[in-house]
Each structure stands twice: as C-alpha cells, then as structure tokens.
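In what follows, a single structure is set out as structure tokens and then discussed.
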Amino acid sequence: GKNLSILILIISAIVFIVDIARDKAIVDSFMFAVSLAVAAIPEALSSIVTIVLAFGTQKMSKSNAIVKKLNAVKAFIKSKNPKLSDAVVTKVAEAALYANQKNKMDLSLILAVMWKESTFSPSVITGPCYGVMQIHKNTAAGFGYKVADIQDPYRAAELGSRLIKSYIAKYNQNLVIALTAYNQGTGNVARGNYNTNYAKNVINKQAAIQAYLDAAMSK
C-alpha cells in the first residue's frame, strides 16, 4: 500500500546517500537506487528519481563549493607570497581547510595567523619556533610532536588552531587575549606582561581574508 511505497522510497534514498558517502560514483549510486525502488514498486520510478536527484544535486553543490573555497584560499596565499611553489601553496591551503574542519575554528582566523607568523611558508624558522604557525618546539613536544612534525603544514595548522581554540575558551571568548597568549605565552598573560599589538594585527588580517573569501565565493 501507500505506507509500503513510502518505506521503499526512504530505503532507496538512504542506500543512495550511503553510496555517495562512500565516494561511489553518483551515476552508479543513482542507478542502483532507482533499480531498487522500481524492482519493488514500478510506480515509484517518478518519485525516486526526484528524491535521488535532489540528494545528488546537493552533494555535487557541496563538493563544488569546497573546490571553489580551496581555489580562493590558494589564490590568496599566492598573492601574499608569490615565491611559494604551487605545490606548497596547495598543501598549505588544504592544511588550513583541514584544521578548519577538524577543530571547527574560523578558516579566516587560521589563515590570518599563518599570514602573520610565516607568510604561509612552512620552512620559516624563528629561534625555537617552526612552520606556518610558528609553534615553539617545547609546546610541540608537550603534544608529542617533533620539530619535523610542526614543519608539516597539516600538523602545524591542526595543532596551532587547536591551541588558539583552547585559549579562546580559557579566556572567555576574548580573541585578543587568546591570540596574545598564543604569541606571548599564557604565563606573560597571567602576569600582565604583554601587549596586544600582535593580536590586533592578526584580527585585521582576518577581516581582510574574510572579505577576500566572501567576494571570491560570491562570484
């Protein structure tokens, strides 16, 4: 009856979504879902086509948006450091997006810290600090990382963004103090021995990056 038809349509749609989530080809997943529904109830063809096409379009739109954002980030990085190779630019851009997704931290903020700390170059070394996020080797060691680890953009972006996020929580969402702690240490913040110039510069860079990304994504 009607309830059975609805149930089969739902099952077919779920099968389609699962296949897409497992990175199977959209066309193959679509055909399998259609076949499943039609085999059970031939009159369901029209409905199932509508459902799976809707999910397929949504998935493709999301994928296109991710690619568009990646390209925008790469273009921004290249504009600020033209000396970087395309391979390095891509890796740094992907690392920023990875950290953004994993730690749920604002992408423009991650990029702003990279810009301020290293101009997006993984090879920058300033005293005991390394990589795109200029993480202190002792800080890295506290998380089980070696110097070589924090010279890798992925690990540096993930750890750096995780630290900043923890400081944002520690200092009651005060981004200026959180960034100051990242740059000058929590000890100096606790003693009141700090200035906020670094934080304000990063925040200004964040605003510029966000404006750039918004403009790129709206095209």
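Some observations on this one:
- Checking the Cα-Cα distances for K74/K205; K170/K205; K80/K116 against a 20 Å cut-off, the pairs over it are K170/K205.
- Karplus-based coupling profile of the range 163-171, in residue order and whole Hz: 4, 4, 4, 5, 6, 4, 5, 4, 9, with θ = phi - 60° in 6.51 cos²θ - 1.76 cosθ + 1.60 and x standing for Gly or Pro.
- Sorting 172-180, 185-193 by average packing, meaning the other beta carbons within 10 Å per residue, from highest down gives 172-180, 185-193.
- Carbon + sulfur, % of accessible area of the range 71-219 - ligands and nucleic acids excluded, 1.4 Å: 50 percent
- Per DSSP, loop trypsin sites (Lys or Arg not before Pro) in the range 56-142 with at most 15 further Cβ within 10 Å: K83, K104
- Sparse-neighbour loop sites [chymotrypsin sites (Phe, Trp or Tyr not before Pro); the range 59-143; at most 16 other C-beta within 10 Å; DSSP]: F143
The values are calculated or read from the model by the stated rules, or taken from the named source; none is laboratory data. Being a predicted model, the structure only gives us computed values, none of them experimental. Every residue, glycine among them, receives a Cβ derived from its backbone with ideal geometry; neighbour counts consider all protein chains shown. Ligands, DNA and RNA are stripped out before the accessible areas are found, and what is left, the full protein with its side chains, is counted by its heavy atoms. Shrake-Rupley method; radii C 1.70, N 1.55, O 1.52, S 1.80 Å.
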